[in-house]
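Just below is one structure, and these are the notes that go with it.
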Amino acid sequence: MALSMFLARGRLCTLSSRPKFLKTICASKILGLSTSAKMSLKFKNAKRIEGLDSNVWIEFTKLAADPSVVNLGQGLPDISPPVYVKEELSKIAAIDSLNQYTRGFGHPSLVKALSCLYEKFYQNQINPNKEILVTVGAYGSLFNAIQGLIDEGDEVIVIVPFYDCYEPMVRMAGAIPIFIPLRSKPLDGKKWSSSDWTLDPQELASKFNSKTKAIILNTPHNPLGKVYTKEELQVIADLCIKYDTLCISDEVYEWLVYTGNKHFKIATFPGMWERTITIGSAGKTFSVTGWKLGWSIGPKHLIKHLQTVQQNTVYTCATPLQEALAQALWIDIKRMDDPECYFNSLPKELEVKRNRMVHLLESVGLKPIVPDGGYFIIADVSLLDTDLSDMKNSNEPYDYKFVKWMTKNKKLSAIPVSAFCNAETKLQFEKFVRFCFIKKDSTLDAAEEIIKAWSRQKF
Amino acid sequence: MTKQLQARRLDGIDHNPWVEFVKLASEADVVNLGQGFPDFPPPDFAVEAFQHAVSGDFMLNQYTKAFGYPPLTKILASFFGKLLGQDIDPLKNVLVTVGAYGALFTAFQALVDEGDEVIIIEPFFDCYEPMTLMAGGRPVFVSLKPRRNQDGELDSSSNWQLDPTELASKFTSRTKALILNTPNNPLGKVFSRAELELVASLCQQHDVVCITDEVYQWLVYDGWQHVSIANLPGMWERTLTIGSAGKTFSATGWKVGWVLGPDSLLKHLRTVHQNSVFHCPTQGQAAVAQSFEREQLHFGQPSSYFVQLPRAMQRCRDHMIQSLQSVGLRPVIPQGSYFLITDISEFKSKMPNLPGAADEPYDRRFVKWMIKNKGLMAIPVSIFYSVPHQKLFDHYIRFCFTKDESTLQAMDKRLQKWKDELRP
């Protein structure tokens, strides 16, 4: 039996110019047939991604994909980007030279525009080649920063709730996330605001130690909409300096700040430039999330490590999109004080939508937390006391079940806030649900219809 | 800062030779035959597809599905399903990435663990080694070697082969993956079915994953055939096949790539993907989808870009081969890819002491000299070799010939001047 198999193999092997060698190899293959049983072991994932396979977005965007559902879940504008942004990209699509590779760390005209824009805030020159890196969305900047600067065994402070990728990215780098929740102050009859949620300075200080490599800051904050005040940032800065810690500051919603609030860049605080990576996003700046362009700004001794990650991961980002982004930035850089500048007009537009959402949510008995920034609003759903007993999977947090129930029964989708929490803090936030309001009026009208009908049903 | 700033995974991978050479090219007045990108436009239908993607439905400016824009994964599944003889599910067997470069990174991170061995065939596209290292893996090199050639005849990439016994000896119980690149960069070798059967047989015997970089799959000349190892019996279930829209449609700046493979492997790549970039830009994907739809209609016909492009590039290749010989460079005729390498041994013996660092391989010094003195840019082939082997292969430089006629004519001018300077 073995001999005939060998001869059969031999016929196939003579196709090559080295029949003698191949016959030898093929014979040993017959002997090695039993190793196929071990196949499943070898195909196991690398340890770095162990336990990181689930993802809230994959689950919930699937749920909200039903076209009859009014989707206030994922942070995706259904409004059009500004006309001039679309026009720039259209013009660029016709320019041949932009169809080929550009500079890996960022297309020259884009890093120049970013440098020019942000110099106004940093009040210092920013070297476009050494102090800026263009990445695949702000998501890519987070990845590059964490992979470049965070080592196995390092501790990284993560403030809860957190944009959900912070935890898996920290774990993928072999580091330990150290969580600290934002806590709400008592209300005294005022309207609940994102500014009521703060970090306890002593509690925060207790999280820092010699193993702390970095703290991840997100301001304006997703999902709460909190805009950290100067004083709050100073507390964080003081600790970073004291413990010689890095700060990864996710500022994708930096332009979306509402009346009475101001966005502060922690990197501009004394002693902070040299230890901070500040992340921005074209997607959130110009309502073009599908362009997936982001950037990291920081001192060259930090940015160079993000650049090393870049040259070993994606190498370069898409050229035409970078050029279009550069052109769009120049248009708005030239009119920063103009109400027409998108950096000014978008937050104005969104503030109206925010106020409308607050009112709507209150009208049906949900308790919203008025966000000072960003384009999300979270609401406490516990007062509704909805009967979710027929929802399967009773191990899930309340808000997961609530969102699934609401999507199915009310045709309105949102995101459970416990998705932005680590296992231990999920219970603290399981009565909160996040709504996205960067939606066109007709979407908000549809949401209003649903909410009005819902509130009528209750009474 | 008192702690080491950067993560240890960056140790030894911070230096990138391209950064230096790209900088040199931008500073001097050179005919750039170095980096691999076309300097002619993508085909009209691809340009139109991109224009359509950016001026049509404004929702294409927003996020699409994380693992790939649905029309793209659908067409990739159908197009490659036919080629690979597999029933490819667009959701389970296809992942869209940021270029083939991003696909490679995702594959290494998903599967290579600390201490795992990865077999890399030399010469190799230079990122394979640092990507292996960044994943904590141990690269194990095996070289393609030229067999002895007939004097006076030009060498061919088909002449460069693996020694089967040597290859077999590289597999150990720690071998997790083998990375294959066909057509090969920089050599232009197109692995034959028999050569792939050898690799396949060893991968199966040792239960190794095959990561196959096939970005140049359409750039095949002289009647050679590209064979996908995933097509061979027993290989689909252990192979990740990587492709590139940039190389397929001459649009390297779009940075759209993909991986095709079994769900049992792709699910791990999806985990890496959702924790690294999450989404790829939408409009580029839409343009690639539309371009593939067009190609599917024209497949196998003379009007197919996949027929026209290699024909045109073969002419460029032949032009370059002819021209380079006039100054004593000896090109190795590539069976495929964007590139050819040329033997510079004659120069090494005639001018061995070119300026450069003490232990800098000759080919790098030669390229810098050529940039400065002859206005031509190429890439030293030693950067495609592991450090211990660089000195053995420091007498080759790589040229990219996928260039517009005007570029090749500019090259001819410089070569003519060079030739004139050689006369006593």
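The values are calculated or read from the model by the stated rules, or taken from the named source; none is laboratory data. These figures come from a predicted structure and were not determined experimentally. Here the Cβ is made from the backbone with ideal geometry for all residues, glycine too, and neighbour counts use every protein chain on show. For accessibility, only protein heavy atoms count, side chains too; no ligands or nucleic acids. Shrake-Rupley method; radii C 1.70, N 1.55, O 1.52, S 1.80 Å.
The lysine pair count for region B:368-424, using Cα distances under 24 Å and pairs eight or more places apart or on different chains, is 17. A P(r) calculated from all alpha carbon pairs of region B:115-182, with 5 Å bins opening at zero, reads 4, 16, 24, 21, 14, 9, 6, 3, 2, 0 percent. The ellipsoid that matches the Cα gyration tensor of chain B has semi-axes, each √(5λ) in whole angstrom, of 33, 26, 22, with the longest given first. Taken over region A:91-142, the convex hull of the Cα atoms encloses 102 Å³ per residue.
Look at the dipole of the protein assembly as shown built from charges on Cβ: of A:PHE121, A:PHE343, B:GLN301, the Cα furthest out on the positive end belongs to B:GLN301.
The simple Förster model, with R0 at 25 Å and r as the Cβ-Cβ distance, assigns A:ILE176 and A:LYS44 a FRET efficiency of 0.60. Run the reach check for A:LYS230 against lysines, Cα to Cα strictly under 26 Å, same-chain hits fewer than 8 apart removed. What comes back? Hits, sequence-local ones excluded: A:LYS120, A:LYS185, A:LYS190, A:LYS191, A:LYS207, A:LYS213, A:LYS242, A:LYS262, A:LYS265, A:LYS284, A:LYS300, A:LYS348.
Where only DSSP H runs of four or more residues are counted, chain A gives -13000 deg cm²/dmol as its mean residue ellipticity at 222 nm, each run worth -39500 (n - 2.57).
In a reduced charge model with +1 at each Lys and Arg Cβ and -1 at each Asp and Glu Cβ, region B:36-149 shows a dipole moment near 340 debye about its Cα centre.
Once the partner protein chains are put back, region B:259-281 shows a loss of at least 40 square angstrom of accessible area, versus the chain by itself, at B:HIS268, B:THR271, B:GLN274, B:ASN275, B:SER276, B:VAL277, B:PHE278, B:PRO281 (probe 1.4 Å, ligands and nucleic acids excluded).
Residue-normalised convex hull volume from the C-alpha trace of region A:316-459: 166 Å³ per residue. Cross-link reach is defined here as a Cα-Cα straight distance under 20 Å, omitting same-chain residues fewer than 8 places apart; for A:LYS44 the lysines meeting it are B:LYS92, B:LYS176, B:LYS267. How many percent of the accessible area of chain A is carbon or sulfur, using a 1.4 Å probe? Exposed carbon and sulfur together represent 55 percent of the surface. So for region B:295-424, what percent of the C-alpha to C-alpha distances run longer than 17 Å? Value for region B:295-424: 62 percent of Cα pairs lie more than 17 Å apart. The relative contact order of region A:141-264, computed from alpha carbon pairs under 8 Å that lie at least 6 residues apart in sequence, is 25 percent.
Taking a point 7 Å out from the Cα of B:LEU24 in the direction of its Cβ, the residues of region B:303-336 whose backbone N falls within less than 19 Å of it are B:329-330. Normalised by 2.2 N^0.38 Å, with N the number of residues, the alpha-carbon radius of gyration of region A:203-320 equals 1.13. For the protein assembly as shown, a Kirkwood radius taken over Cα pairs fed into Stokes-Einstein (4 °C, viscosity 1.567 mPa s) yields D = 45 µm²/s.
Cβ-Cβ distance of A:LEU388 and A:GLU351, R₀ of 30 Å, FRET efficiency by 1/(1 + (r/R0)^6): the value works out to about 0.35.
Evaluate region B:1-133: find the radius of gyration of its Cα atoms, find its Kirkwood radius, and give the ratio Rg to Rh.
1.03
The aspartates and glutamates within cross-link reach of A:LYS440, meaning a Cα-to-Cα straight distance under 15 Å and a gap of 8 or more places when in the same chain, are A:ASP78, A:GLU349, A:GLU351, A:GLU448, A:GLU449. Sequence-distant contacts, meaning Cα pairs under 8 Å at least 6 residues apart, place the relative contact order of region A:365-435 at 33 percent.
Taken per residue, the accessible surface of chain B reaches 35 Å², heavy atoms only and a 1.4 Å probe. Scaling against 2.2 N^0.38 Å puts the C-alpha radius of gyration of region B:164-239 at 1.08.
Global dimensions of region B:254-299 from alpha-carbon coordinates: Rg and Dmax equal 13.1, 38 Å. Expressed in units of 2.2 N^0.38 Å, where N is the residue count, the Cα radius of gyration of chain A is 1.14.
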